[in-house]
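The values are calculated or read from the model by the stated rules, or taken from the named source; none is laboratory data. Source: prediction; values computed, not measured. Counting neighbours? That spans all protein chains shown, and the Cβs are built from the backbone with ideal geometry, glycine included.
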Amino acid sequence: MDIHALKNVLKFLSVIGVALSIFFLLPIGAGWYYHEDIYSFILFDALLFGINMTLFLVLQKHRMQLSIKDGILSVNLVWILLGFGGAVPLILYSDISWADGFFEAISGFTTTGATIYTDIESLPKSILLLRSLTHWLGGMGIIVLGVGLFSLINPSGSMALFKAESTGVKMEKVTPKIKDTAIQLWGIYLLFTLLDLIALHLAGMGWFDSINHAFSTISTGGFSTKNSSIGYFNSPEIFWITTFFMIISGINFLAHLKLFTGGNTEGYRREEPLWYLTLFLLLSVTLTLVVAGFDSDNLFHAATHSFFTIASVLTTTGFATLDYEQWGHIAVSVIFVAMLVGGNAGSTAGGVKVIRYIVLFKTLTAQLKKSLHPHAMVNIFIDKQKTSSTIINSTTGFILLFIITNLFVSFYLFSRGFDALTAISTALACVGNVGPGFALTGPAQNYAFFNDVDKIILSFAMIAGRLEFYTVALLFTGEFWKKF
């Protein structure tokens with residue numbers, strides 16, 4: 001790496017480090033309000049701020065020209081920074097190892113929601129809010145936040161970072177300048193968070209719990225302040241409010257942005273959100289019927305928990321109202337299907353994304369037609385627009401990388417002696433950023449029993465899933481490092 005590229009990367013990391021230290025003031029403030037011992041947290045945050053601000057000031061006059069390679073490397077390194085930065089306060093205020101802290105922090109920032117804590121309610125309020133805050137920052141994307149800040153000092157390099165971090169099949173921006181799109185997206189994100197927070201409080205949840213669960217819901221993360229997750233509150237009103245906000249958070253935020261900025265509903269009428277909502281309703285109704293027949297609950301009770309569970313798993317949020325594994329094998333199969341789907345591209349949800357399944361199935365259909373009519377010109381259209389071969393190839397490559405990564409993690413866990421359901425579902429839960437799996441990592445369980453090596457591997461599986469594989473996979477190619 002030449003010195004110019006190194007300065008590019010270090011300057012960007014310093015901006016993210018400074019921003020992170022500023023956001024950490026929120027949980028520090030919560031600790032002060034609740035009269036907790038926050039001295040060590042303050043000392044660490046001051047050190048984090050001081051180191052990164054010093055680095056930024058040293059490089060202040062360096063004019064950044066961030067290439068795609070620089071952007072990809074920056075994105076990967078910033079997740080390592082987030083893992084260690086988020087781990088330190090956790091380690092300071094709870095008896096956990098570095099691997100535990102790194103896993104919990106990565107699970108937070110990637111909005112996976114898998115936890116190593118066995119007694120969440122015993123944690124200080126500052127740490128509870130920190131965990132939820134990592135979700136909220138990671139939900140819209142710490143790099144998108146960085147683009148909004150970074151473009152103020154580097155107007156030319158923002159697009160490279162946005163390409164490296166953005167999720168979905170095709171990158172899209174609403175405003176001419178990417179920084180304006182990023183700032184407006186954060187505005188919508190903040191609005192949804194406030195609306196969810198107020199709705200939860202009006203439904204009977206305390207202010208502190210409302211803030212934490214709003215952070216976790218809009219980011220589709222899943223960290224809770226309670227050991228039994230959101231089921232602790234035993235409130236149908238809270239369950240339905242959370243279901244609604246999970247579902248809208250699983251829709252492309254650019255669609256929300258177009259609605260709020262110009263009254264344009266076109267984003268909601270595209271194939272992806274329509275299929276997303278259709279799948280949600282079909283799976284929810286199916287699960288409702290299964291649950292109602294399984295334990296003879298009344299239909300409303302069955303629907304409340306079924307719609308919530310499908311919304312939670314489909315959007316990769318990971319909240320739970322109860323242990324849905326107790327509903328039987330058919331119910332688990334329905335929920336497993338939801339785990340494989342994911343939300344919309346451009347949403348805070350993880351997973352494969354609905355649009356990729358649309359591209360995949362239309363490609364398969366086109367190939368079948370081509371087999372029957374070898375000389376016919378068969379094109380693929382999505383939203384009445386012809387789909388390019390680049391998008392088809394990218395989607396196929398993503399599916400392949402998704403399968404390979406899941407197979408690697410599954411085989412590793414199976415070789416460690418875990419049963420097949422635990423190994424496979426845990427791999428899907430981490431790579432897809434879902435959180436809970438089945439069996440030993442089910443909704444009533446946690447990840448504390450894994451050893452340190454397991455947790456590090458699962459942490460990088462979460463990062464790979466959050467960055468949608470290509471950004472990580474490129475680091476393992478010789479071409480990436482050639483003439484860097």
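Please find, among ILE80, ILE106, ILE91, ILE116, the residue that is under 30 Å from PRO443 (Cβ atoms), of a type in the set (A, V, I, L, M, F, W, C) and not in a helix (DSSP H, G or I).
ILE116
If you check every pair at least six apart or on different chains, which have Cβ atoms under 6 Å apart with a residue in region 413-426 that is touching a residue at least 12 places away in the same chain (Cβ under 8 Å) first and a residue that is surrounded by 20 or more Cβ atoms within 10 Å (Cβ to Cβ) and among the aromatic types (Phe, Trp, Tyr) second?
LEU421/PHE438; SER425/PHE438
Somewhere in region 303-310, is a residue among the hydroxyl-bearing types (Ser, Thr, Tyr), touching a residue at least 12 places away in the same chain (Cβ under 8 Å), assigned to a helix (DSSP H, G or I) and within 21 Å of TYR357 (Cβ to Cβ)?
Checked against the condition, which is being among the hydroxyl-bearing types (Ser, Thr, Tyr), touching a residue at least 12 places away in the same chain (Cβ under 8 Å), assigned to a helix (DSSP H, G or I) and within 21 Å of TYR357 (Cβ to Cβ), region 303-310 yields at least one hit.
Give me the pairs: first residue in region 470-484 and β-branched (Val, Ile, Thr), second residue modelled with pLDDT under 85, beta-carbon distance under 6 Å, and six or more apart or on different chains, which are they?
What qualifies is THR471/ILE72; THR471/VAL75; THR471/ALA164.
Restricting attention to region 365-399, report how many residues are under 25 Å from TYR470 (Cα atoms) and hydrophobic (A, V, I, L, M, F, W, C).
Count: 7.
Of all residues in region 1-36 being aromatic (Phe, Trp, Tyr), assigned to a helix (DSSP H, G or I) and modelled with pLDDT of 90 or more, which is nearest to the chain's Cα centre (by Cα)?
PHE23
Can you pull out the residues in region 133-142 that are at pLDDT 95 or above and either of a type in the set (Val, Ile, Thr) or surrounded by fewer than 24 Cβ atoms within 10 Å (Cβ to Cβ) (or both)?
Hit for region 133-142 is THR134, nothing else.
Read through the list (1) under 30 Å from LEU81 (Cβ atoms); (2) buried (at least 18 other Cβ atoms within 10 Å of the Cβ); (3) without any contact (Cβ under 8 Å) to a residue 24 or more places away in the chain, then give the number of the only condition that LEU400 fails.
(2)
Out of curiosity, is ILE335 out of contact with any Leu (no Cβ under 6 Å at 6 or more places or on another chain) and either in contact (Cβ under 8 Å) with a residue 40 or more places away in the chain or crowded, with 24+ Cβ neighbours inside 10 Å (or both)?
Details: out of contact with any Leu (no Cβ under 6 Å at 6 or more places or on another chain): yes; either in contact (Cβ under 8 Å) with a residue 40 or more places away in the chain or crowded, with 24+ Cβ neighbours inside 10 Å (or both): yes.
Spelling it out, ILE335 is indeed out of contact with any Leu (no Cβ under 6 Å at 6 or more places or on another chain) and either in contact (Cβ under 8 Å) with a residue 40 or more places away in the chain or crowded, with 24+ Cβ neighbours inside 10 Å (or both).
Looking at THR321, THR286, THR242, THR317 in this structure, which one is in contact with a helix residue (DSSP H, G or I) (Cβ under 6 Å, 6 or more places away or on another chain), farther than 30 Å from PHE381 by Cβ, in contact (Cβ under 8 Å) with a residue 12 or more places away in the chain and part of a helix (DSSP H, G or I)? Let's see the steps before the verdict.
On the way: THR321 fails: part of a helix (DSSP H, G or I); THR286 fails: farther than 30 Å from PHE381 by Cβ; THR317 fails: part of a helix (DSSP H, G or I).
After applying the criteria, what remains is THR242.
Across region 75-109, which residue is nearest to ALA429 (Cα to Cα) among those that are modelled with pLDDT of 95 or more and of a type in the set (Val, Ile, Thr)?
Applying the filter and picking the extreme gives ILE106.
So the check is Cβ under 8 Å with 6+ separation or different chains; which pairs have a first residue in region 116-143 that's among the small types (Gly, Ala, Ser) and a second one that's surrounded by fewer than 19 Cβ atoms within 10 Å (Cβ to Cβ)?
As it stands, the answer is SER126/TYR34; SER126/GLU36, since those pairs meet every condition given.
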